[in-house]
1. Please verify whether A:A327 is away from every other protein chain (no Cβ under 14 Å), hydrophobic (A, V, I, L, M, F, W, C), surrounded by fewer than 24 Cβ atoms within 10 Å (Cβ to Cβ) and in contact (Cβ under 8 Å) with a residue 60 or more places away in the chain, treating the condition exactly as stated.
2. Of all the strands (runs of 3 or more DSSP E) wholly in region B:246-316, which have at least 2 residues that are closer than 17 Å to B:V383 by Cα and modelled with pLDDT of 95 or more?
3. Within region B:23-45, work out how many residues are surrounded by 20 or more Cβ atoms within 10 Å (Cβ to Cβ), more than 9 Å from chain A (Cβ to nearest Cβ) and farther than 23 Å from B:P347 by Cβ.
4. What number of residues within region A:583-628 satisfy the criterion of being within 22 Å of the chain's Cα centre (by Cα), of a type outside the set (A, V, I, L, M, F, W, C) and within 11 Å of A:T566 (Cα to Cα)?
5. With under 16 Å from B:K616 (Cβ atoms), crowded, with 22+ Cβ neighbours inside 10 Å and not polar (S, T, N, Q) as the only criterion, which of B:A557, B:A552, B:A541, B:A561 stands out?
6. Across region B:602-628, what is the total count of residues that are open to solvent by 60 Å² or more (accessible area, probe 1.4 Å) and of a type in the set (D, E, K, R)?
7. Would you call B:T566 open to solvent by 40 Å² or more (accessible area, probe 1.4 Å) and in the same structural domain as B:G542 (by TED's automatic domain parsing)?
8. Test B:G309 against the stated conditions and say whether it is on the phi > 0 side of the Ramachandran plot, away from chain A (no Cβ under 14 Å), touching a residue at least 24 places away in the same chain (Cβ under 8 Å) and open to solvent by less than 10 Å² (accessible area, probe 1.4 Å).
Protein chains: 2
Amino acid sequence: MEKKSESRTITTDGRLLLGVMERDGVETVWDRLKAQQPQCGYCDLGLSCRNCAMGPCRIDPFGEGPQLGVCGADADIIVARNLGRMIAAGAAAHSDHGRDLVEVLAAVARDEAPGYGIGDEEKLRRVAAEYGIDTAGVRGAKEIAADLADALFEEYGTRKGHLTMAGRAPAARRETWKRLNITPRGVDRETSEMMHRTHMGVDNGWQSLLLHGLRNALSDGWGGSMIATEVSDILFGTPAPRPTKVNVGVLREDEVNIVVHGHNPVVSEMVLRAATNPELIALAGERGAAGINVAGLCCTGNELLMRHGIPIAGNHLMSELVLGTGAVDLMLVDYQCIMPSLGAIAPCYHTKMVSTSDKARFPGMEHIEFHPDNAAAEADHLVHLAIDSYGRRGRVTIPVEPVDAVGGFSVEAIIGALGGTPAPLVEAIRVGKVRGAVGVVGCNNPKITHDFGHVELTRELIGHDCLVVDTGCAAVANAKAGFKVNEAVRYAGPGLREVCDALGIPPVLHLGSCVDNVRILVLAAALADHLGVDISDLPLAGAAPEWYSEKAVSIAAYFVASGVHTVLGPMPPVGGSANVVNLLTVGLTDLLGASFSVEPDPHQASLLIRRHIEAKRKGLGLSHEVPQ
Amino acid sequence: MEKKSESRTITTDGRLLLGVMERDGVETVWDRLKAQQPQCGYCDLGLSCRNCAMGPCRIDPFGEGPQLGVCGADADIIVARNLGRMIAAGAAAHSDHGRDLVEVLAAVARDEAPGYGIGDEEKLRRVAAEYGIDTAGVRGAKEIAADLADALFEEYGTRKGHLTMAGRAPAARRETWKRLNITPRGVDRETSEMMHRTHMGVDNGWQSLLLHGLRNALSDGWGGSMIATEVSDILFGTPAPRPTKVNVGVLREDEVNIVVHGHNPVVSEMVLRAATNPELIALAGERGAAGINVAGLCCTGNELLMRHGIPIAGNHLMSELVLGTGAVDLMLVDYQCIMPSLGAIAPCYHTKMVSTSDKARFPGMEHIEFHPDNAAAEADHLVHLAIDSYGRRGRVTIPVEPVDAVGGFSVEAIIGALGGTPAPLVEAIRVGKVRGAVGVVGCNNPKITHDFGHVELTRELIGHDCLVVDTGCAAVANAKAGFKVNEAVRYAGPGLREVCDALGIPPVLHLGSCVDNVRILVLAAALADHLGVDISDLPLAGAAPEWYSEKAVSIAAYFVASGVHTVLGPMPPVGGSANVVNLLTVGLTDLLGASFSVEPDPHQASLLIRRHIEAKRKGLGLSHEVPQ
């Protein structure tokens, strides 16, 4: 049993809780993955098509059976269409999340969102100015917020023909997009057009499908996700570094534990607010609890961590296991990456499960719908439910002590730490103390030993003087591994260590949730603009060592389309088309100055990334070496 | 061989051309369907999931293997998610088509679309007024067009919270949508939200997924498709009845034949214009041709047929076979339902294949991209190509004579034929001469003998005094069967015959292309409003006897959500979830007053429809009988 849990996760808390759940006869994601073996080879290679009722169709990868679907589509077309729909779903998820925040902003402007407000008026004015909105001092924040919300809604429409925030990319990059005709025109439009193109009898060019996939992804990266991040900062404050703690040890045996899970800060911010309500804290005290403890899971956890230093209990593959502690009195979910299994596992312990979004229901959960106008009141109600639930606890197992970490590295905070300009970081890269920077991002996937991909890749990279910035589940993995305190410079190579020591920052910077990958884009654009080059000229790379979601596919695609070479751990379902694989891994370099690699072994992935970075250093005329 | 072609199509031209293609060793859609046997049972039942890279997953329909995907999703969730994405793709296809027309309208307003103009200014003013636009006589058509284009673009965005055209539905219907929270808010928004909801860990409520599917479909029916139809009428004229001819006999041995295939009239209208250019006709004459003949295939053919009486060579399953005539000098495609096999078949004959849309490429076709600013010029260029191609013809086989038909029954034309009010039709229904009306719509599917479903169902319905309105491939099938001339009243029951004779209309009215299914919605709303009832109270039904496409799924869903009971021929991929099947076929009746049936046998389908119609007659207090 020990052996099995070791192959499942590298984390101590994960291994111990896997033991608890095995003891309790609770099935987890790894058991379900095992039961699904063998997984369908056609689907895994992208060679099955269900896009119409003349099908379903399958292309025989061995060339012996059918090579064409009923309509006549071949492997290239089918694989490209399937990949296109993955990007569409990922872009839609992020962008719809962004829209929800714009709706809150609009409601705040109308005074119809009690409890919400403008958390960063300076940023409100800065982003509004980008949209050409009058931000003269005499105009109140709410007036400006109303205009900005209106302008952001417009980004989801189609009239302008381009997204305003795409203007943040370096000029050379925007020229490339124009040349390839992939400048994103509207946030929803590109998703809608991808669904159109992948309908039977529309786009049967595998190249044109993939190019539109890049445009669709750009409408996420420089559109929906960027709106999500910027408006979250405006509403709830732009993150700044602050200490926190991570892993299931952040749950408290003697307090009411509320775990927030999902992605959107709209609900979790209100719950955090309610948890500091003195009346509710007093009520928790009356029930024998020493306090009310809000902890995060996944990206809504990252959102609270970034802005308030709220501790985080775990990432994607910990979301079932935390229930095994018996210490989660209430788990509240919004949307994305919430396994529907949770509603079935919770009753094995005492956890009250509540879903909150009008667009996400789950079996076995009570549904309490949050809207801007009722959120503050409903949040109080939820804390009541958590306090009630605390009294129903059974056996509690919190098997580890939490680990220290620092989060909150928004671009504003990073530039601030550098003294108000990217110059010191650029200089450190120029002289070679820092070889380059790598975004380690993305999910967990039970096909990869939990956190192994993130932690080993990050360890290798910082050990070789590459600064790592991370988000999402990768960020939580790296925090649990102890990489996010200043003392973690002991894992860093000598150059990176010197720079981190001088700046007082850890070698791995927590940039936020998965929509916050756009902070990496903005930082990369700032570095490129400072040097007067394109993003693709910089010694940068991206990696998603344990990705699983369609959102990750969209993120990886907008990274590459923005000029950042990206290495994926798990293979995407494109193996059935040599043409598609070749374009994604080789051909895109000519078009975009960046492409994809797939390498599940983190040590090999590190080597690929370091070679790429050294090649980019060479291109910039900087010192370079040949990584072995 | 004769036997095989008989099982493939009921049409004479189809059978003969199947023989030609077999002789020539050309593979067709039926051969590819055969080669794909057995098709995957998991996909066919909706039980496979590829929405993330923890999968692909499969649910065992026999209950012996896995009952949960890796995330924990069960059969109900997986089936509902898959159906949701089909609706999203269908709605996106229609809506993106609508957007293309709005872009032309905006370009016309800016004087940047040479060759295009306002074809129906009265309708422009009428629709503009619906959007609250100042339509005072002093304002020029282009000024109004600019405002209307702007207002229609806004429908794709999200700020209003509801679609203006949804206001055309009867009040009771709009109340139902409001109660169920499925009022469509934005055209692209609902598609984007569906893609978000079906991402891993978002909506895991099969009921909420299906309800959003209805909202997504309504954003098509009362949104994207309705915009497509209305703007097409504004640009190219509102259809009125006019005679035409149908089947491959419309190709001319002695003329240059240009076949337009696809859906959007934007390109085909310009080609039709170029084909009447005297210089080009003279050039064709110099090359030995007696003229230039434009014929349609599929829905762009229906668009031309409706507005100009242009003949139509066939529907979906004829699109490969027409090439076998050797008489198609140029086939021009825009998008949707264009089999990618065409580019491989064309070289077996002499046909020049040209793709025209920036969002639809095809292997083996030359790509000449049409935009509003270059369309007129490119259309001339295409006609030149066709004339050149004429000179390269080999053996020509046009094996049948064309059949007469009348098309062009817009709602405006129908109400016109009724004397300016729906009263005569309502009265005919009230007294029982006409029992009810049925929309026979949708595609062809090689799983059903070509045209058999449409023609047999229509024959039964008109024989039993049900008025049939049809669109899309169904409309072409019924035209070929001879149901669309006034003499076709000989197939009608005595009551319908009397009414048709009195009004001088055929018993089967051609309402247009597949986006024109919205004409059926508008007509149904007019009848309901005239009687002061909801659409679901009327003796109406819909049928898609040979559907194959995701667009058809969206259409069927907006029919049902609008209160029209709909019978599908082929089974959609939902059989893996008894809950989903039950909700769609039974449960929706309580919510919407309409639901789905699945019945591939047209005779049984007719019986289901007639029973439904008689039940509705009973509900309205009208004479009713029990169909046997």
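The values are calculated or read from the model by the stated rules, or taken from the named source; none is laboratory data. Please read all numbers here as calculations on a predicted model, not as lab measurements. Every residue, glycine among them, receives a Cβ derived from its backbone with ideal geometry; neighbour counts consider all protein chains shown. The area values use the complete protein model at the heavy-atom level, side chains included, leaving out ligands, DNA and RNA. Shrake-Rupley method; radii C 1.70, N 1.55, O 1.52, S 1.80 Å.
1. No: the conditions fail for A:A327.
2. Result: B:256-262, B:292-297.
3. Selection size over region B:23-45: 1.
4. 3
5. Sole residue among the options that is under 16 Å from B:K616 (Cβ atoms), crowded, with 22+ Cβ neighbours inside 10 Å and not polar (S, T, N, Q): B:A541.
6. 3
7. Numbers: open to solvent by 40 Å² or more (accessible area, probe 1.4 Å): no; in the same structural domain as B:G542 (by TED's automatic domain parsing): yes.
No; evaluated as a whole, the condition is false for this residue.
8. On the way: on the phi > 0 side of the Ramachandran plot: yes; away from chain A (no Cβ under 14 Å): yes; touching a residue at least 24 places away in the same chain (Cβ under 8 Å): yes; open to solvent by less than 10 Å² (accessible area, probe 1.4 Å): no.
When the stated conditions are applied, B:G309 does not pass them.
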